[in-house]
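Colleague: Could you have a look at this structure, given as structure tokens, before my questions?
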Amino acid sequence: MQLSVTTWNINSVRLRIGMVTRFLKDHQPDVLCLQETKTPDEQFPAKAFSEAGYVHQAFIGNKGYNGVAIVSKLPFSEKEAMAMCERNDARHMTVVLDKAAGAAAGIAIHNFYIPAGGDIADPEANPKFAHKLHFLDAVGAWGVARNPAGRPSLLVGDLNIAPYEHDVWSHKQLLDVVSHTPIETTTLEKLRSELGWTDAARTLRPEPEKLYSWWSYRAADWQASNRGRRLDHIWLSDALRPTLRELTFLSEARGWERPSDHVPVTVQLEL
DNA sequence: ATGGTTGAAAGTCAA
């Protein structure tokens with residue numbers, strides 16, 4: 001069977017619910033992982049997703065900021081939201097697909113929203129950057145303690161780091177810009193490789209091809225300047241590595257009316 | 001050197 005999973009930082013799921021359900025109708029991923037839903041649980045648009053066929057839902061939100069969700073056509077039995085860094089941050093959700101999901105049964109999907117980290121790349125001067133680094137440490141500790149990559153699993157989400165040279169429009173100009181500083185890129189790369197994950201995007205589309213999933217709202221013309229970064233990722237555990245078939249950045253979504261600054265990234269697996 | 005935009009929510013803060 002085919003299994004497709006999309007990750008998308010939606011920057012308010014309530015504001016963009018029409019765009020999201022249109023995406024689901026047109027592209028029909030089996031599972032959609034969202035970040036920055038910015039919505040308390042009681043206001044999550046559960047009905048709109050159910051009506052679109054995504055009746056299996058796990059979400060956790062804060063009022064006005066953060067928040068993650070997983071909505072799925074395939075049933076899942078387990079779900080878990082970890083509170084990272086001793087905060088009530090709503091930056092993580094895991095689900096495990098159920099027996100009724102056929103060949104996908106038992107696959108865990110880990111959805112993360114890593115802190116952006118503020119503007120100054122110095123943990124002493126900037127508590128938000130310190131939080132980002134602390135959060136990465138917490139993900140590393142989770143990986144060591146729980147070995148999530150030892151099972152068939154995907155780690156997806158807005159990791160807010162563009163790890164490689166061609167994951168940004170200008171490597172040189174972004175070396176001191178939060179999201180592409182050496183402390184972030186080396187920490188993320190160490191985390192990924194030591195925990196046993198494979199970067200799906202770069203497996204299929206190796207450097208030096210430029211790959212972006214995010215374009216700033218602040219550009220006058222995002223498409224003309226094309227100053228993007230690859231902040232959104234899909235990682236595969238070893239067991240799923242041979243099943244990797246396709247990975248898509250839906251960059252046209254950045255040109256939709258009132259878009260998110262991130263575009264959907266979708267992986268297709270052949271199980 | 002610094003600005004530029006967006007969302008949530010009602011002044012600013014986070015991104």
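Colleague: Filtering segment A:19-42 down to residues that are open to solvent by 10 Å² or more (accessible area, probe 1.4 Å) and within 12 Å of DNA strand B (Cβ to nearest atom), which residue is nearest to A:Asn111 (Cα to Cα)?
Modeller: A:Glu36
Colleague: What residue, among those in segment A:79-126 that are of a type in the set (Val, Ile, Thr) and within 21 Å of the chain's Cα centre (by Cα), is surrounded by the fewest Cβ atoms within 10 Å (Cβ to Cβ)?
Modeller: Result: A:Val96.
Colleague: Right, another one. Taking the conditions exactly as written (open to solvent by 20 Å² or more (accessible area, probe 1.4 Å) and basic (Lys, Arg)), does A:Lys132 satisfy them or not?
Modeller: No: the conditions fail for A:Lys132.
Colleague: Taking interchain pairs and intrachain pairs at least six residues apart, which have beta carbon atoms under 8 angstrom, with the first residue in segment A:242-256 and over 14 Å from A:Val156 (Cα atoms) and the second among the polar types (S, T, N, Q) and in a helix (DSSP H, G or I)?
Modeller: Pairs that qualify, where the first residue is over 14 Å from A:Val156 (Cα atoms) and the partner is among the polar types (S, T, N, Q) and in a helix (DSSP H, G or I), are A:Leu244/A:Thr203; A:Arg254/A:Gln223; A:Gly255/A:Gln223.
Colleague: While we're here: Kindly establish whether A:Trp197 is under 16 Å from A:Val156 (Cα atoms), surrounded by 14 or more Cβ atoms within 10 Å (Cβ to Cβ) and aromatic (Phe, Trp, Tyr).
Modeller: yes
Colleague: So is A:Leu159 open to solvent by less than 10 Å² (accessible area, probe 1.4 Å) and within 16 Å of DNA strand B (Cβ to nearest atom) or not?
Modeller: Considered against the rule, which asks whether it is open to solvent by less than 10 Å² (accessible area, probe 1.4 Å) and within 16 Å of DNA strand B (Cβ to nearest atom), A:Leu159 comes out as yes.
Colleague: Which of the residues belonging to segment A:216-253 are open to solvent by 20 Å² or more (accessible area, probe 1.4 Å), in a strand (DSSP E or B) and either under 17 Å from A:Val178 (Cα atoms) or within 16 Å of DNA strand B (Cβ to nearest atom) (or both)?
Modeller: A:Arg229 - this is the single residue of segment A:216-253 that is open to solvent by 20 Å² or more (accessible area, probe 1.4 Å), in a strand (DSSP E or B) and either under 17 Å from A:Val178 (Cα atoms) or within 16 Å of DNA strand B (Cβ to nearest atom) (or both).
The values are calculated or read from the model by the stated rules, or taken from the named source; none is laboratory data. Since this is a predicted model, take the numbers as computed values, not measurements. With ideal geometry, Cβ positions are generated from the backbone for all residues, glycine too; neighbour counts draw on all protein chains shown. Just the protein is used for accessible areas: all its heavy atoms, side chains included, with ligands, DNA and RNA removed. Shrake-Rupley method; radii C 1.70, N 1.55, O 1.52, S 1.80 Å.
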